[in-house]
Amino acid sequence: MATVKFFLGIVCLALAGSDSLPGGDSINLRQDPALADRKRLLQVAEKELGVRERSGKNDGPRVAGYLSYVNVPEGNAWCAAFVSWVFGQAGYPVPRTAWSPALFPLSKRTKEIMPAVVFGIYFSHLKRIAHCGLVERQAGDWMVTIEGNTNPAGSREGDGVYRKRRHLKAVKYFADWAKRKGVEDEN
């Protein structure tokens, strides 16, 4: 009997996985199209995990694609370009910027931490947001993210697209660009 319950549990998890966000938050995509958009954004970002710079100088074919999307040449920092590219691939006209502070206008800021919300880390020596990425899910006081131009140590001068675990205290702002698709007044 225990074997049957175990098997049924696996089957139920497999079926639920088709309508769940990363982290196992079960949703009904037919009832909430906004959550479907968030899932699509994270699927686009997730497919980029493993992208690496060619020489460690903000270069390489995929990095060039992210930067090209925001009309910036290869060799520039690309965390915000990556975020913008992800939104573009999911059908959003904005954001479209390579400047991470531009991802946090007052009209987009939120305190709600949910999938596909953009996070920004403030660097005091630069006196600005200087790194950003996408929240995949929250786990207590931590969040799991997908971000570009980082590395296993979490640097803002990294070499690729990684899934990271960051403490909420490290984040200055969150911005929800998925909430209102197609806003034309920003960027």
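The values are calculated or read from the model by the stated rules, or taken from the named source; none is laboratory data. Quick caveat: nothing in here was measured; it's all calculated off a predicted structure. Neighbour counts run over all protein chains shown; Cβ positions are idealised from the backbone, glycine included. Note: accessible area is taken over every heavy atom of the protein model, side chains too, but ligands, DNA and RNA are not part of it. Shrake-Rupley method; radii C 1.70, N 1.55, O 1.52, S 1.80 Å.
Report yes if Gly88 is modelled with pLDDT of 95 or more and surrounded by fewer than 22 Cβ atoms within 10 Å (Cβ to Cβ), otherwise no. Yes: the conditions hold for Gly88. The C-beta contact set for the stretch 156-178 (first residue closer than 18 Å to Glu46 by Cβ, second residue of a type in the set (S, T, N, Q) and assigned to a loop (DSSP other than H, G, I, E, B), distance under 9 angstrom, 6+ apart or interchain) comprises Gly158/Asn151; Gly160/Asn151; Tyr162/Asn151. Could you go through the stretch 99-112 and let me know if any residue there is open to solvent by 20 Å² or more (accessible area, probe 1.4 Å), assigned to a helix (DSSP H, G or I) and not basic (Lys, Arg). Yes; the residues of the stretch 99-112 include at least one that is open to solvent by 20 Å² or more (accessible area, probe 1.4 Å), assigned to a helix (DSSP H, G or I) and not basic (Lys, Arg). When Val144 is tested against the conditions (1) open to solvent by less than 40 Å² (accessible area, probe 1.4 Å); (2) free of Cβ contacts under 8 Å to residues at least 60 places away in the same chain, the lone failure is (2).
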